[in-house]
Amino acid sequence: MTHPLKRPDFDVIAGWMKPGERVLDLGCGEGELLMLLAARGLRGWGIERDPGHVLAAVENGINVIQSNLEAGLAGFEDDAFDHVVLSRTLQTMRHTQQILAEMLRVGREAVVSFPNFAYWKNRMAVLNGRMPVSEDLPYQWYDTPNVRFFTMLDFESLCAEMGIVIRDRQVLDERGALITEEPNFLGSLAVYRIGRGG
Amino acid sequence: MAERLSVGPVTPRRIAFAEPLPLAAGTALPHWELVYETYGTLNAAKSNAILVCHALSGHHHVAGWYADAPQNVGWWDNMIGPGKPIDTDRFFVVGVNNLGGCHGSTGPATTNPATGQPWGADFPVVTVSDWVQAQARLADALGIDAWAAVVGGSLGGMQALQWAIDLPSRVRHALVIAAAPKLTAENIAFNDVARQAILTDPEFHGGHFYRHGTRPTRGLRLARMLGHITYLSDDQMAAKFGRKRRPDAGSYGFGVEFEIESYLRYQGDKFAGWFDANTYLLMTKALDYFDPAQPYGDDLAAALAQARAGFLVVSFSTDWRFSPARSREIVNALVKNHQQVSYAEIASPHGHDGFLMEDPYYHTVVAAYLRNITT
């Protein structure tokens, strides 16, 4: 996982959270989001698999737990956190439904961000016969950590199937600007705030 | 041994306590002494002190060497020193030999004032909590109100955990390395076989072997051989020894044939030559009794709830004595309480002994964590 310096989705995510709340960041990298949230008065814990990132997160003074997300969130209590965040990581995971269910078990609500495969430039790339490479999909097909390729419509349909409620949605273009029209066509990165249905 | 990064020549010190120490067993030690070493300089605010707790066979000689015995290097010298992860340019580091030990602190070989004879088997069974209370008296004597950190591996990590629970206002950070929140039945079983090896040695004399001018070296040797197996990993043993045989090995007999046999016997002999059998019994018993959650309805999170420390928990991938899953129990309890905790699982071939080895990732994580501690 790379963590580009510019993370406009962090502003969206932070905007959904209030000081004093507790956040679990899955695949927290070097702890960039948790540092931003700590500066805004939230309390955070991160999960990270990569030793280099764990070390950097410790250097950054972040609570980081070295663990593989594919093993789920066993050991964490139900409703332990106000928010569970999975930013730009869902597309790298095999156990998609399991992690979504686990996030909404241990968190009151969850935030998921992912590159939208239906972004118009990605569609163009495929129409031209090539797999897309962009700001939000910055890998070649042979070295990508991404194993799931899906669109906003696909994600929303899975949420409906799993009884997950979409509470908020912000969509960004490649430059990080907010998109309001035709999001599944003009949006490169989608950020969702989701909760348990019923 | 003029290593660039060593604290250099060190001198052990001794401190006597006249105030009796009440013990978990119900008795008290009337008069007792601790042997300890210090490295680095205690700052004016006395806020830069780190306590290093030792494991089963450890002691106060944690770093540096002795002027009259330069080959006698401290057991955690790769971790502690100027510029090392536990940086003595910044921290004042204290190593202490625990009560019941055999390196100078009051223990089974010390004279029992009631009898004028060595305590031997009559030395009271001491617990991890007892050690914490004794170490706290040493902190009092050194003028240290609160440790910047309490650090330990294995049984030492258990002391760090117990410190955070028993004396929460006196521990700002706890580094719990290659430890577990309590022993499993399998752990206790291994310890009991080790104890049985000692207890059934005819030279043990019910723990009063000193007065017979002998030592139960056969039992102690077996205990160490068994223990040593649990400190290594299967992978590492396979890589280091495999099924290799001694060049002079016979066959179809019971002599030393495989290299692993030779290695274990050597380790057993070496250990039995200097360690005290009664101390071995006491240390394994302290391990067995360690269970900080027990007074809290077996709820580890409830036990840890009062801790004020930040925690760094570290485990080693091939440690099967106290596996990563056991460290995760500690981490999960702390997260449940929304306490400050980081956790690193070190990929290591060295089994439980990994905590003593020099590993770049392990050492940089410890260094990074300690750098963020204010003094």
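The values are calculated or read from the model by the stated rules, or taken from the named source; none is laboratory data. Fair warning: this is a prediction, and the values are worked out from it, not measured in the lab. Here Cβ is always computed from backbone atoms with ideal geometry, including for glycine, and neighbour counts include all displayed protein chains.
The table that follows gives values for the structure above.
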{"read-out": "Lone qualifier among A:84, A:112 - being touching a Gly at 6+ places or on another chain (Cβ under 7 Å) and crowded, with 17+ Cβ neighbours inside 10 Å", "value": "A:84"}
{"read-out": "Test: residue in the stretch B:326-342 that is without any contact (Cβ under 8 Å) to a residue 24 or more places away in the chain, more than 8 Å from chain A (Cβ to nearest Cβ) and either more than 23 Å from the chain's Cα centre (by Cα) or surrounded by fewer than 19 Cβ atoms within 10 Å (Cβ to Cβ) (or both)", "value": "no"}
{"read-out": "Members of the stretch B:35-54 that are of a type in the set (A, V, I, L, M) and surrounded by fewer than 24 Cβ atoms within 10 Å (Cβ to Cβ)", "value": "B:35, B:42, B:44, B:45"}
{"read-out": "Residue satisfying condition, being among the basic types (Lys, Arg) and crowded, with 20+ Cβ neighbours inside 10 Å, within set B:218, B:224", "value": "B:224"}
{"read-out": "Failed item, numbered, when residue B:124 is tested on (1) assigned to a loop (DSSP other than H, G, I, E, B); (2) surrounded by 21 or more Cβ atoms within 10 Å (Cβ to Cβ)", "value": "(2)"}
{"read-out": "Single residue of the stretch A:134-153 satisfying the filter (surrounded by fewer than 15 Cβ atoms within 10 Å (Cβ to Cβ) and over 15 Å from the mean Cα position of the chain (by Cα)) that is nearest to residue A:190 (Cα to Cα)", "value": "A:153"}
{"read-out": "Odd one out for residue B:211 among (1) at pLDDT below 95; (2) surrounded by 21 or more Cβ atoms within 10 Å (Cβ to Cβ)", "value": "(2)"}
{"read-out": "Exclusive hit being part of a loop (DSSP other than H, G, I, E, B) and out of contact with any helix residue (DSSP H, G or I) (no Cβ under 6 Å at 6 or more places or on another chain), set B:5, B:99", "value": "B:5"}
{"read-out": "Residue match in the stretch B:297-305 (condition: in contact with a Ser or Thr (Cβ under 9 Å, 6 or more places away or on another chain), buried (at least 23 other Cβ atoms within 10 Å of the Cβ) and either more than 9 Å from chain A (Cβ to nearest Cβ) or free of Cβ contacts under 8 Å to residues at least 24 places away in the same chain (or both))", "value": "no"}
{"read-out": "Elements of type helices (runs of 4 or more DSSP H) in the stretch A:1-109, at least 2 residues being in contact with a strand residue (DSSP E or B) (Cβ under 9 Å, 6 or more places away or on another chain), at pLDDT 95 or above and within 11 Å of chain B (Cβ to nearest Cβ)", "value": "A:51-59"}
{"read-out": "Of all residues making up the stretch B:345-369, the number that are surrounded by fewer than 21 Cβ atoms within 10 Å (Cβ to Cβ), facing chain A (nearest Cβ under 10 Å) and either part of a helix (DSSP H, G or I) or at pLDDT below 95 (or both)", "value": "4"}
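Residue-by-condition table, conditions (1) more than 26 Å from residue A:140 (Cα to Cα); (2) of a type in the set (A, V, I, L, M, F, W, C):
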site: A:8; (1), (2): no, no
site: A:12; (1), (2): yes, yes
site: A:19; (1), (2): yes, no
site: A:37; (1), (2): yes, yes
site: A:51; (1), (2): no, no
site: A:60; (1), (2): yes, no
site: A:74; (1), (2): yes, yes
site: A:82; (1), (2): yes, no
site: A:106; (1), (2): yes, yes
